[in-house]
Amino acid sequence: MDYKNIMDLILDTDDVTVGGGSASALSGALACGLIGMVCKLSTKKDYGLSAEEQLAYAKELEDIREKLLAGIVDDANAYGVIIDAYKLPKETDEEKELRKKAIANAGIVGATAPMENAKLCRRVYDIGIFLEGKTNPNCLSDLVIGYKLAKVGTNGCIMNIDANLPLVKDETKMEEFNTAMKELKID
């Protein structure tokens, strides 16, 4: 994955395809790096977890980081699906109906990408909270910054799910999205 390209997209104020959902996923990916580093720096001494357990968390966080980096692209692509749906012709009744269905389907795509990213960010947050008091105390600030970034990522993704709900017409999907937002939200 081309990390520089991802960063360039997010930091480019002229690129409207990458917004809050992608930035939220990046926040989660940054959290993975910080918390994973803390785990690796907590293997020389027993802080409440074995070196193997610390390294297992670090590995899980590395895997989640890769998924979140891909999720940045997925979120940007989901926005493209919505834009494309709105560009469909609407001259005839048939075109209007096809466009209406395409927009509703695009809403599902638009809400699914941040939902998947929110689940990943929430897992990172939960790991960070669990690790507090079980890692090298010299790394506490890194751990706390990490899980706070994961919280921002989770709640930012939830905001992006919610932003796409007005487009969704499928009641089953609406219920799925609403349930996810309630379960994943971090106060």
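A few comments on the model shown:
- Residues that are surrounded by fewer than 18 Cβ atoms within 10 Å (Cβ to Cβ), within 20 Å of the chain's Cα centre (by Cα) and either of a type in the set (Asp, Glu) or at pLDDT 95 or above (or both) within region 1-36 comprise Asp2, Asp8, Asp12, Asp15, Gly33, listed in sequence order.
- Failed condition for Glu94, given (1) over 28 Å from Ile158 (Cβ atoms); (2) of a type in the set (Asp, Glu); (3) surrounded by 17 or more Cβ atoms within 10 Å (Cβ to Cβ): (3)
- Top-ranked residue in region 48-79 [being of a type in the set (Ser, Thr, Tyr) and modelled with pLDDT of 95 or more; ranked as surrounded by the most Cβ atoms within 10 Å (Cβ to Cβ)]: Tyr57
Per-residue answers, yes or no, for (1) over 28 Å from Ile82 (Cα atoms); (2) basic (Lys, Arg); (3) without any contact (Cβ under 8 Å) to a residue 12 or more places away in the chain:
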{"residue": "Thr112", "(1), (2), (3)": "no, no, no"}
{"residue": "Met115", "(1), (2), (3)": "no, no, no"}
{"residue": "Ile127", "(1), (2), (3)": "yes, no, no"}
{"residue": "Ala150", "(1), (2), (3)": "no, no, no"}
{"residue": "Asn155", "(1), (2), (3)": "no, no, no"}
{"residue": "Met159", "(1), (2), (3)": "no, no, no"}
{"residue": "Asp162", "(1), (2), (3)": "no, no, no"}
{"residue": "Glu171", "(1), (2), (3)": "no, no, yes"}
{"residue": "Phe177", "(1), (2), (3)": "no, no, no"}
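- As a summary of the residue check, Lys45 satisfies the conditions (1) more than 26 Å from the chain's Cα centre (by Cα); (2) crowded, with 18+ Cβ neighbours inside 10 Å; (3) not small (Gly, Ala, Ser) except for the one numbered (2).
- Among the candidates Ile161, Ile145, Ile129, the residue that is over 30 Å from Asp46 (Cα atoms), modelled with pLDDT of 95 or more and aliphatic (A, V, I, L, M) is uniquely Ile161.
The values are calculated or read from the model by the stated rules, or taken from the named source; none is laboratory data. Remember, predicted model here, so these are calculated numbers, not experimental data. Neighbour counts run over all protein chains shown; Cβ positions are idealised from the backbone, glycine included.
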